[in-house]
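Chemist: Once you've had a glance at the structure underneath, I'll fire off some questions.
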Amino acid sequence: MFCGGIMGPIIFLTVVGQVSSSSAVQERRTFSCCDNTVSHFHDLSCDNFWIADGTNIAIFSAETSSCEPPCKEIRQDRMVLDQCVNVTRETECTVMGVTQETRVTYLAQTCLLPVYSRTPAGSQSSVGLLLVAIMTGWLLCYSQCDQPSRC
């Protein structure tokens, strides 16, 4: 007597749960803020949603793509950001009634490359040579002068 009593609803819920179940996979990866590019190959048969600070910033699928700040550009193989922030990609794929969900959080890694002065190296060396020439001229003049007050 499985149809009556408490066993009927349990069996029904178990069967329904297996038919419409979804599996979620979660990962964590890092990316460098040196170029603010998150490399990822988007599966066009799935819906890909990008989130930063709890806000949707990009969508990429076979039908549509959109990108809002801090997303600067989105393509099938990458997303470029205009600032260094953590982002999460949520992918939903449905195959034969089963939904596969994947969530990958990309943690922003501070750029460790040295920051150089914006002054071009050529102009820095020109200023240095000019100062050396002025000092050399002054020293030559002073050493040749017979009256230091006139130099």
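Only the coordinates and a few stated rules stand behind these numbers; no lab work does. These figures come from a predicted structure and were not determined experimentally. A quick note on method: Cβ atoms are made from the backbone with ideal geometry, for glycine too, and the neighbour counts reach across all protein chains shown.
Chemist: Cβ under 15 Å from THR37's Cβ, THR37 left aside: what net charge do those residues give with Lys, Arg +1 and Asp, Glu -1?
Modeler: With Lys, Arg at +1 and Asp, Glu at -1, the neighbours total +1.
Chemist: What is the local net charge at LYS72, summed over the other residues whose Cβ is closer than 14 Å to its Cβ (Lys, Arg +1; Asp, Glu -1)?
Modeler: Values: positive: ARG75, ARG78; negative: ASP35, GLU68, GLU73, ASP82.
Local net charge: -2.
Chemist: Work through the residues other than THR99 whose Cβ is under 11 Å from its Cβ and net out their charges, Lys, Arg +1 and Asp, Glu -1.
Modeler: The answer is -3.
Chemist: Shifting gears a bit: How much FRET efficiency would the formula 1/(1 + (r/R0)^6) give for CYS93 and THR55, where r is the Cβ-Cβ distance and R0 is 25 Å, rounded to 0.05?
Modeler: Plugging the Cβ-Cβ distance into 1/(1 + (r/R0)^6) gives 0.60.
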